[in-house]
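Working notes, structure below.
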Amino acid sequence: MTNVVVTKTPLRISFLGGGTDIDYFYKKHDGAVLSAAINKYVYVTVKKYSKLYKTKFRLNYSITENTNDIEKIKNNIIRECLKVAKIDFPIYVSVVSDIPAGSGLGGSSSVTVGLLKALYELKGKKITSKKLYDLACEIEIKRLKQPIGKQDQFPAVYGGMNFIEFKKNGVVKYKKIL
């Protein structure tokens, strides 16, 4: 198992189809989005601490959190990613971005994808792109009930420019353009 992992996850822009990736729409009509990863990123660093540290979870993003209780973590995305990855050891998590939060460039999804990828790598576990995408959607949409669809996670995982289709049955298909 490695001790430090850093991920660099792209933000995205969408050209058309916004809103058609939300389940209340695509479950009735199908949906489609044209989106692209851009050259602005979210960087996530995770470091396994030794048991000498008195705090189990040290988190740095726009604020700093220190807690021994996962349920007391205020950052919903970090808390749920730690739960999904079953982190049971002292850990440091740092999140920084090229662009401020709330920019509309899919930053929360880039954090989710980057953090999940880093946590799995830290534990020495392989995760497929499909599984990474599915877990990021599950965390943001199902667990946290964020008012978002399935487009933001896609460029964070796969990069490039893609035409993404959201089928009524929940299947996501895509064609890589660039």
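The values are calculated or read from the model by the stated rules, or taken from the named source; none is laboratory data. The model shown is predicted, which means the values in this text are computed figures rather than measured ones. Heavy atoms of the whole protein, side chains included, go into the accessibility calculation; ligands, DNA and RNA do not. Shrake-Rupley method; radii C 1.70, N 1.55, O 1.52, S 1.80 Å.
Hey, what number do you get for the chain at 222 nm if only DSSP H runs of n ≥ 4 count, each worth -39500 (n - 2.57), divided across all residues, to the nearest 500?
Working: 5 runs with 47 residues, N = 178.
My calculation for the chain gives -7500 deg cm²/dmol from helical runs alone.
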Original post:
Using alpha carbon centroids, what distance separates region 133-178 and region 41-119, in Å?
Top reply: 21
Original post:
Cα-Cα over 29 Å: which of Lys74/Lys176; Lys142/Lys173; Lys40/Lys175?
Top reply: Lys74/Lys176
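Could you state the accessible area per residue of the chain in Å², with a 1.4 Å probe and every protein chain left in place? Mind dumping the intermediate values first?
Working: 9410 Å² over 178 residues.
It amounts to 53 Å² per residue over the chain.
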**OP:** For Lys117, list the aspartates and glutamates whose Cα falls under 14 Å from its own Cα; do not include residues on the same chain fewer than 8 positions away.
**Re:** Glu80, Asp134
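Sorted by accessible area (1.4 Å probe), largest first, how do Ser110, Ser62 line up? Display every interim value, and only then the final one.
Values: Ser110 0, Ser62 110 Å².
Of Ser110, Ser62, the descending order of accessible area is Ser62, Ser110.
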Original post:
Taking a 1.4 Å probe, which of Phe166, Phe25, Phe15 shows the most accessible area, and what order do the others take after it?
Top reply: Phe15, Phe25, Phe166
Subject >> Accessible carbon and sulfur surface of the chain relative to its total accessible area, %, 1.4 Å >> reply: 53
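Normalised by the number of residues in region 69-178, what is the relative contact order in percent for Cα pairs under 8 Å and 6+ residues apart?
Once normalised by length, the contact order is 22 percent.
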Original post:
When the Kirkwood hydrodynamic radius is evaluated over all pairs of different C-alpha atoms of the chain, what value in angstrom, to one decimal, is obtained?
Top reply: 16.6
